[in-house]
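The values are calculated or read from the model by the stated rules, or taken from the named source; none is laboratory data. Values in this document were obtained by computation on a predicted structure and should not be read as measured data. Reconstructed Cβ throughout: ideal geometry from the backbone, glycine too, with neighbour counts over all protein chains shown.
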Amino acid sequence: MAIKEWIKGDTKNRIKIPKHYQVVIYNDDFTPMDFVVKVLMQVFDKEEQEATAIMMSIHTGSSAVAGEYPRDIANTKAEEVMQMARQEGYPLKAEAVCAP
């Protein structure tokens with residue numbers, strides 16, 4: 001019985017909850033506001049009102065968090081934002097950063 005409890009306890013110590021990452025979108029002087037709203041709605045499944053509020057946060061500040069996800073999903077979403085922007089010729093930048 002003591003061995004079983006030791007193994008069970010050891011397993012719990014090795015399992016770690018995955019860290020979440022925030023997808024941050026940065027302000028620039030060239031990407032149109034309506035495009036940023038479109039990206040937020042398509043990539044992050046935001047409603048138009050929420051997407052507009054996030055876009056305004058990006059516009060008035062230097063950046064804003066579009067969403068928080070596990071690392072792989074956050075990286076994929078950041079890359080998707082960058083691809084959409086490049087296809088339209090905009091310098092919009094997004095990156096996944098470890099959530100505080």
| note | By residue number, the members of the range 75-92 that are in contact (Cβ under 8 Å) with a residue 24 or more places away in the chain and within 14 Å of ASP45 (Cβ to Cβ) are LYS77, GLU80, VAL81
| task | Tell me, yes or no, whether the range 64-83 has at least one residue that is surrounded by fewer than 16 Cβ atoms within 10 Å (Cβ to Cβ), of a type in the set (A, V, I, L, M, F, W, C), closer than 18 Å to ALA99 by Cβ and modelled with pLDDT of 95 or more. | result | yes
| Residues that are basic (Lys, Arg) and touching a Leu at 6+ places or on another chain (Cβ under 9 Å), drawn from the range 13-54 | LYS46
| task | From GLU95, GLU68, grab the single residue that is acidic (Asp, Glu) and within 21 Å of THR31 (Cα to Cα). | result | GLU95
| Subset of the range 39-55 [without any contact (Cβ under 8 Å) to a residue 12 or more places away in the chain and more than 20 Å from TYR69 (Cβ to Cβ)] | GLU48, GLN49
